[in-house]
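Structure record follows, encoded as structure tokens.
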Amino acid sequence: MPRPRQFDEERAVDAAMRAFWTAGYEATSTQDLCDATGLGRSSIYNTFTSKHDLFERALRRYMTTKNAATFALLDGDESAKDKMRALLWQVVDAPEEDPLGCLVVNSMIELAPRDPEVAAALRDDQRLRLAALQTVLETGRRAGEIDKAKSAEALAHFINATISGMRVAARGGADRAALAAVATTALNAL
């Protein structure tokens with residue numbers, strides 16, 4: 001008869017998510033995961049079967065959590081331009097307790113070119129975010145607050161790429177002033 005688990009699996013996934021977000025997939029060792037989760041190697045492998053399985057669960061958790069906040073913001077009553085401003089300023093004023101950068105962007109660079117499962121999950125995530133952005137931007141175009149000469153689809157890609165670029169810049173050491181300048185320039189382009 002197997003012993004019952006003595007730990008909170010969801011809390012372990014959250015801790016692993018932060019470890020992968022901080023160091024990336026390859027640089028996060030099994031020992032790093034043990035240290036982050038407080039679990040032993042056997043508990044990690046018995047529960048998650050592999051480092052890759054734990055990473056995929058952590059990445060899904062990250063996407064679900066971040067998208068929930070993004071979609072809640074985009075579903076709000078503010079104008080389209082105010083929603084874009086709020087999205088961009090989430091990067092400018094990212095919580096200090098969060099690791100720098102973005103687990104999605106980091107994974108696109110590190111794993112997507114050689115990991116079909118991760119690449120597919122990232123493509124699905126991007127489609128969801130782009131569709132939500134495009135809907136808001138199209139509403140803003142119809143309301144006259146977003147330049148009607150610009151495609152809502154192209155602007156959605158632009159905002160998505162700008163946010164990703166800002167997260168990379170933050171990870172590379174860009175300060176708040178530099179990030180705010182990028183965000184302001186992006187808003188002016190709408």
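The values are calculated or read from the model by the stated rules, or taken from the named source; none is laboratory data. The model shown is predicted, which means the values in this text are computed figures rather than measured ones. When we count neighbours, we look across all protein chains shown, and the Cβ atoms used for this are built from the backbone with ideal geometry, even at glycine. For accessibility, only protein heavy atoms count, side chains too; no ligands or nucleic acids. Shrake-Rupley method; radii C 1.70, N 1.55, O 1.52, S 1.80 Å.
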*Output the number of residues of the stretch 161-179 satisfying the condition of being part of a helix (DSSP H, G or I), crowded, with 17+ Cβ neighbours inside 10 Å and not basic (Lys, Arg).*
7
*Hey, residue 188 hits all of (1) open to solvent by 60 Å² or more (accessible area, probe 1.4 Å); (2) over 17 Å from residue 65 (Cα atoms); (3) touching a residue at least 40 places away in the same chain (Cβ under 8 Å); (4) not basic (Lys, Arg) but one; which does it fall short on?*
(3)
*Consider residue 129 carefully, then state whether it is basic (Lys, Arg), more than 15 Å from the chain's Cα centre (by Cα) and modelled with pLDDT of 95 or more.*
no
*Counting only residues that are acidic (Asp, Glu) and closer than 28 Å to residue 95 by Cα, which one in the stretch 123-160 is surrounded by the fewest Cβ atoms within 10 Å (Cβ to Cβ)?*
124
*Across the stretch 32-59, what is the number of residues that are over 12 Å from residue 12 (Cβ atoms) and among the small types (Gly, Ala, Ser)?*
2
*Filter the stretch 85-111 down to residues that are surrounded by fewer than 17 Cβ atoms within 10 Å (Cβ to Cβ), at pLDDT below 95 and of a type in the set (Gly, Ala, Ser), then give me how many there are.*
0
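Every residue, every condition in (1) within 20 Å of residue 55 (Cα to Cα); (2) assigned to a helix (DSSP H, G or I), yes or no:
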position	(1), (2)
87	no, yes
96	no, no
100	yes, no
129	no, yes
140	no, yes
150	no, no
154	no, yes
183	no, yes
187	no, yes
*asked:* Given the criteria in a helix (DSSP H, G or I), among the hydroxyl-bearing types (Ser, Thr, Tyr) and surrounded by fewer than 16 Cβ atoms within 10 Å (Cβ to Cβ), does residue 65 qualify?
replied: yes
_Yes/no for residue 82 being more than 27 Å from residue 32 (Cα to Cα), open to solvent by 60 Å² or more (accessible area, probe 1.4 Å) and in a loop (DSSP other than H, G, I, E, B)_ = no
*Being modelled with pLDDT of 90 or more, among the aliphatic types (A, V, I, L, M), in contact with a Phe, Trp or Tyr (Cβ under 7 Å, 6 or more places away or on another chain) and assigned to a helix (DSSP H, G or I) narrows it down to one of 15, 72, 19, 58, so name that one.*
58
*What number of residues within the stretch 24-55 satisfy the criterion of being free of Cβ contacts under 8 Å to residues at least 12 places away in the same chain, open to solvent by 70 Å² or more (accessible area, probe 1.4 Å) and outside any helix (DSSP H, G or I)?*
1
_Lone qualifier among 78, 96, 117 - being in contact (Cβ under 8 Å) with a residue 12 or more places away in the chain and of a type in the set (Asp, Glu)_ = 117
